[in-house]
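The values are calculated or read from the model by the stated rules, or taken from the named source; none is laboratory data. Quick caveat: nothing in here was measured; it's all calculated off a predicted structure. Here the Cβ positions follow ideal geometry from the backbone for every residue, glycine too, while neighbour counts run over all protein chains shown.
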Amino acid sequence: MPSTHSIAAEPMAKPSAKVTQDRVAKLKFWGVRGSTPTVDRATWRYGGNTACVELTTPAGVRVILDCGTGLRMLGRHLEVSPDSEKIEPHIFVTHYHWDHIQGIPFFAPLYAEQNRLHFYSFRSEYLGADSLKRVFEAQMAYPYFPVDLSAMSAHREFTEVNGGDHLQVPGARVTARWLNHPQGCLGFRFETSAGTVVYATDNEPGNPKLDQSLMELAAGADIFINDAQFTPEQLATTRKGWGHSSWAQGVKIAEEAGVKNLVLFHHDPDSTDKAVDVILRDARGKFANVWAAAEGMVMTMGQENLDVVIPTVREGLRRDAHFRAKVTGLTDSGRAFEEETVISDLTLHGALIYLGHSPKLQSELQVQLENPGIGGASNSPLRLRGYVVRIEQEADKDRTAVGIVFTE
Ligand SMILES: [Zn+2]
Ligand SMILES: [Zn+2]
């Protein structure tokens with residue numbers, strides 16, 4: 001998660017029942033942005049690092065999907081994790097565009113000789129045999145990088161993967177298929193005992209053969225991570241032929257292929273958080289179980305329900321307050337609700353509120369503060385638009401703790 005702007009992260013206990021670790025598969029998003037990293041403030045909520053997703057299989061083995069700039073943060077995390085003595089991930093690189101490889105030279109585990117890294121990628125017609133090895137050499141060649149390749153002392157293995165291949169990593173059966181993207185790109189399907197994840201980023205629909213192939217790759221997936229860089233309007237006009245997709249195409253595949261959860265991924269660098277909110281809202285209007293990938297988001301499969309957690313980053317000074325507020329929104333099951341509550345923990349960016357209803361994660365709430373007393377003796381209510389970033393069921397009470405970010 002973006003540490004540069006997190007003043008106070010809120011550690012909240014997880015509500016889900018204890019499950020044995022070997023039954024679950026866990027997905028964590030370290031980079032969700034497409035094309036190039038973004039650092040402008042308007043993109044912080046979803047995050048600015050480029051593609052990198054971590055999948056922990058029920059066998060406890062770590063699979064890394066793509067090596068965008070999010071890989072740097074994952075490397076730092078691995079260095080301090082309990083199993084850091086020997087880091088042995090299986091790393092799948094979908095293709096060689098910058099946003100999928102740029103994190104490699106900054107992945108700290110590559111510089112420690114006890115680590116073993118297993119890379120999988122395709123043979124590019126532009127790079128020839130050992131394509132990914134050549135990418136390593138090129139990235140670290142003078143004068144592009146200050147450190148010599150010989151400093152990368154970790155043991156590295158490279159496996160060439162082709163569209164249509166099946167392979168096995170501990171805890172997951174893997175299938176690769178070609179996607180429709182300039183200079184080629186692979187989509188991957190991971191079948192585990194806890195559920196199936198399909199990672200299909202960087203794809204433009206419109207090639208009947210490849211569209212059908214993607215449909216087969218996504219069939220019945222519990223989680224389908226799909227390129228949603230452009231709006232349907234952009235995809236039909238100015239961005240046609242750029243190699244990317246829209247939420248509407250993702251929804252179409254999700255419906256036809258019987259996908260349970262769709263994750264919109266590879267957000268455009270020019271999409272602000274508010275623009276992604278709109279994309280998500282539009283998508284949810286057509287398909288209920290859609291999520292917008294956010295940096296730090298964790299999805300756990302293999303329990304009764306899919307568990308989704310988004311890290312809360314609270315910015316700004318926190319103030320104790322006592323505002324009566326009327327909150328309206330949609331519950332997890334899509335029902336509209338309205339209720340009164342008291343806000344006692346408030347910043348200029350967000351609040352923690354307690355509700356009897358359980359709103360849907362990543363949905364919008366209207367919050368009307370009664371008697372805000374802002375600007376003197378004003379008695380007119382203050383209307384705010386909030387966005388649900390955190391849900392926690394209070395185990396012994398009849399209420400839900402809801403973390404919201406104010407967007408207007
Ligand atoms: Zn990309
Ligand atoms: Zn690409």
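Observations, loosely collected:
- Residue satisfying condition, being more than 13 Å from the chain's Cα centre (by Cα) and over 25 Å from residue 194 (Cα atoms), within set 76, 45: 76
- Any hit, segment 151-173, residues being within 16 Å of ligand 2 (Cβ to nearest atom), under 17 Å from residue 53 (Cβ atoms) and not in a helix (DSSP H, G or I): no
- All positions within segment 100-123 that are in contact with a Lys or Arg (Cβ under 9 Å, 6 or more places away or on another chain), over 22 Å from residue 146 (Cβ atoms) and either among the basic types (Lys, Arg) or within 15 Å of ligand 1 (Cβ to nearest atom) (or both): 116
- Pick from segment 108-134, criterion part of a helix (DSSP H, G or I) and touching a residue at least 40 places away in the same chain (Cβ under 8 Å), ranking: surrounded by the fewest Cβ atoms within 10 Å (Cβ to Cβ): 111
- Residues within segment 320-339 that are of a type in the set (A, V, I, L, M, F, W, C) and closer than 19 Å to residue 308 by Cα, tallied: 1
- The residues listed here are 119, 92, 136; of these, the one that is at pLDDT 95 or above, in contact with a Leu (Cβ under 8 Å, 6 or more places away or on another chain), assigned by TED's automatic domain parsing to the domain that holds residue 301 and more than 16 Å from ligand 2 (Cβ to nearest atom) is 119.
- Flag for residue 236 being touching a residue at least 12 places away in the same chain (Cβ under 8 Å) and touching a strand residue (DSSP E or B) at 6+ places or on another chain (Cβ under 9 Å): no
A quick yes/no check of all residues on (1) under 25 Å from residue 165 (Cβ atoms); (2) not in a loop (DSSP other than H, G, I, E, B):
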{"position": "54", "(1), (2)": "yes, yes"}
{"position": "59", "(1), (2)": "yes, no"}
{"position": "68", "(1), (2)": "yes, no"}
{"position": "71", "(1), (2)": "yes, yes"}
{"position": "75", "(1), (2)": "no, yes"}
{"position": "78", "(1), (2)": "no, yes"}
{"position": "85", "(1), (2)": "no, no"}
{"position": "88", "(1), (2)": "yes, no"}
{"position": "94", "(1), (2)": "yes, no"}
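- Residue satisfying all of: in segment 210-269; polar (S, T, N, Q) and more than 17 Å from the chain's Cα centre (by Cα); surrounded by the most Cβ atoms within 10 Å (Cβ to Cβ) among these: 249
- Yes/no for residue 83 being charged (D, E, K, R), within 16 Å of ligand 1 (Cβ to nearest atom) and either in contact (Cβ under 8 Å) with a residue 24 or more places away in the chain or in the same structural domain as residue 293 (by TED's automatic domain parsing) (or both): no
- Here the strands (runs of 3 or more DSSP E) wholly within segment 199-300 that include at least 2 residues being more than 16 Å from ligand 1 (Cβ to nearest atom) and within 24 Å of residue 121 (Cβ to Cβ) are 223-227.
- Among the residues of segment 117-141, just one is touching a Gly at 6+ places or on another chain (Cβ under 8 Å) and among the polar types (S, T, N, Q), namely 124.
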